[in-house]
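S.K.: Encoded as structure tokens, here's the structure I'll be asking about.
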Amino acid sequence: DSLSGLFYKRNYLGIWCLAEGAIFDFFDKNIHVTSRPPRAAEYWIAGIDYGTDNPFACVLVGVNTGKSTQTGKVLWAEKEYYWDSKKQGRQKTNSEYARDVQEFLEPYAVKSIYLDPSASAFELELRRKGMHVVHANNTVDAGIQIMTSQMKDGNLFVCDSCPNLIREIESYVWDRRSAEK
């Protein structure tokens, strides 16, 4: 639709935004961002983007399977834990991150924490604290396709309590150098 997403922002609102190579060019805060979860969560999962040089992020994702409503599965990013060591001027240790994640997720019935399999030392810290860790599928293209179709179908939302995730979605672009390889 030409009246939504980046096209609308650039051509109607006059807002400059990164368009070339934008992956989620259809993303529209008025449609995809909500002030509160769209339904009651049946359970939660969490995804961790483990970063030492790049920011560390843990996103709590609410899940409603739709079994009680017959309207289908809905997911939403409910809240985030975010630590940018460059901005904070200090890097945290794996045990500090594990403690922070445990405190962040404590109030929720989190079934699984999805983590990059290469973060094995951090995974060990989470397991020592009794958290259930699952190796995330790091196939970027597949993840983008799933996220895109779920958002376009109205099954995936982001709560406004996740400003860093929203910023990442809005600025996520194809890396031309990687694509050329």
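The values are calculated or read from the model by the stated rules, or taken from the named source; none is laboratory data. Please read these numbers as outputs of a predicted model, since none were measured by experiment. Cβ atoms come from the backbone with ideal geometry, glycine included; neighbour counts cover every protein chain shown.
S.K.: Out of the stretch 115-131, which residues are crowded, with 18+ Cβ neighbours inside 10 Å and at pLDDT below 95?
M.R.: Within the stretch 115-131, the first condition is being crowded, with 18+ Cβ neighbours inside 10 Å, and the residues that meet it are 115, 119, 122-123, 125-126, 131.
Residues satisfying the conditions are Leu115, Ala119.
S.K.: Moving on. Can you pull out every residue in the stretch 92-114 that is assigned to a loop (DSSP other than H, G, I, E, B) and surrounded by 14 or more Cβ atoms within 10 Å (Cβ to Cβ)?
M.R.: As a first pass, look at the stretch 92-114 and keep what is assigned to a loop (DSSP other than H, G, I, E, B): 92-93, 106-109.
Result: Lys92, Tyr108.
S.K.: If you take the residues of the stretch 66-91 that are closer than 20 Å to Ile45 by Cα and exposed (fewer than 13 other Cβ atoms within 10 Å of the Cβ), which of them is modelled with the lowest pLDDT?
M.R.: Let us first name the residues in the stretch 66-91 that are closer than 20 Å to Ile45 by Cα, namely 66-68, 72-83.
Now drop any that are not exposed (fewer than 13 other Cβ atoms within 10 Å of the Cβ), which leaves 67-68, 72.
Details: Lys67: 76, Ser68: 66, Gly72: 81.
This residue is Ser68.
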